[in-house]
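First comes the structure, then the notes that go with it.
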Amino acid sequence: VTSAWLDCVQRHYSEREMLVLLGSLAQKLRALGQEVPDNVQQQLEALCASLIGQSSTFGSAVLTSEHLLSLLDVFKGTRKTQLCRDILHSLRYQPPTRDPVLINTLFDLARVVHDSVDGLAAFDDVQYSANLLCGFISRVDFGRDLEQQLNFYVESRAAFPNFDALKDRCVTAVASLALRAHALVKGRHTKKTSVFVKACLAYCHITIPSLQDLLRRFELLLHCAQVSLLNACLPQTDTFLKAAISLLPEISAATVANAATAAERLSELLLQLLSFLVVVPGHPEHGPFYVAQGLLNALPQCPLWALPRDDASS
């Protein structure tokens, strides 16, 4: 009966009536006890799919209601995971939010999706789940409250450690926070904003080494070095540059297997690095060309440059 009425409520009534209907359904489910028959679960799955599909009436009030969460708790395993994926997918066109209740609810759904992926999952499933979670964190925006935004990225990194794509997105987002802080103070940092920027850079420095793609690590380290210099954080700039240069001898055999493409990509990144070293070539204590000399020492140790000239990019 509820399934039959749901379509009518979605088309002609407001969220208030939807909550009444869902509340009645949740009450009946509680009366069934712990075990919900399989045929009932199938009806509930169709009902939830219909509710998720109606994006025009599927507002935050319905999503954050305890009634909908009670419906999701009925499902186990792949059924619950798929419904959580559908909910995150349905919100891809929704505007950014800072509603703490909605964010907490979506965070729980995202954790279900993340925990469902293991080492045996298909590559496409991993990519799809990672994209859903990246979309979720991209729609959380606390406006000028940059500290709260940083705290959210810290929680996301801790809750979703298995997806490199999500950690990559978090690093770029946190680097953007440092740029936003620089813009808000017009380049004149106070003690508070300086501490915040250094916290952002520390987050990036800790997170980047956990990425598997070494060339992407190199690219992010170079980007963070540029952000550090813009914010007048010279020790952090030097740290990022050293970390980037130290990656060159660590290029893995897997990268060498696709050597031509990797060498071309690395060549472009090295050109960016050399351009950046025009501004910061050295160190006040170790000499004016300390960083540049470190790069020259590291290049011969990179396996990509040991290839014949016909196979390697210049």
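Numbers below:
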quantity	calculated
Computed Kirkwood radius, in angstrom, where 1/r is averaged over Cα pairs of the range 140-221	13.1
Reachable aspartates and glutamates, given that their alpha-carbon falls under 14 Å from the alpha-carbon of Lys198 and they are not under 8 places away in the same chain	Glu147, Asp238
Two-site label geometry, Arg30 and Gln94: point separation in nm, points 7 Å out along Cα→Cβ	2.4
Debye, to nearest 20: dipole size of the chain, +1 on Lys, Arg Cβ, -1 on Asp, Glu Cβ	960
Degrees, to the nearest 10: 100-115 long Cα axis against longest axis of the chain	80
Taking the C-alpha atoms of the range 180-297, convex hull volume expressed per residue in Å³	109
For the chain, built as a Gaussian network whose Cα springs stay under 10 Å, the top-fluctuating residue of Thr190, Thr239, Thr207	Thr190
Förster-model FRET efficiency, 45 Å R0, Thr190 and Arg79, C-beta, rounded to 0.05	0.30
Per residue accessible area of the chain, 1.4 Å probe, in Å²	53
Label-zone membership for the range 138-157, site Ala183, 7 angstrom Cα→C-beta point, backbone N under 18 Å	138-150
In order through the range 137-148: 3J(HN,Hα) via Karplus (6.51 cos²θ - 1.76 cosθ + 1.60), integer Hz, x for Gly, Pro	5, 6, 9, 9, 9, 9, x, 7, 7, 5, 5, 5
Alpha carbon convex hull of the range 14-54, projected area averaged over orientations, nm²	3.0
Convex hull volume of the range 56-164 per residue (C-alpha atoms, cubic angstrom)	103
Simple label model, 7 Å out from Cα along Cβ direction - Ser176 to Val101, nm	2.8
Portion, in percent, of the accessible area of the range 156-219 that falls on carbon or sulfur, probe 1.4 Å	55
Extension gain from Glu264 to Gln212, taking 0.36 nm per residue of separation minus the Cα-Cα distance	16.8 nm
Evaluated over the chain, the Cα radius of gyration and Dmax, each in Å	24.9, 79
Carbon + sulfur, % of accessible area of the range 18-130 - ligands and nucleic acids excluded, 1.4 Å	53
Under Karplus coefficients 6.51, -1.76 and 1.60, residue-wise ³J(HN,Hα) of the range 186-200 in Hz, glycine/proline x	6, x, 10, 6, 8, 4, 5, 5, 5, 5, 5, 4, 5, 5, 4
Spacing of the two label points (7 Å from each Cα toward its C-beta) at Ala46 and Ser138, in nm	3.5
Check: the range 124-166 dipole with +1 on Lys, Arg Cβ and -1 on Asp, Glu Cβ, in debye	120
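The values are calculated or read from the model by the stated rules, or taken from the named source; none is laboratory data. Quick caveat: nothing in here was measured; it's all calculated off a predicted structure. Here the Cβ is made from the backbone with ideal geometry for all residues, glycine too, and neighbour counts use every protein chain on show. Accessible surface is based on the protein model in full, side chains and every heavy atom, while ligands, DNA and RNA are left aside. Shrake-Rupley method; radii C 1.70, N 1.55, O 1.52, S 1.80 Å.
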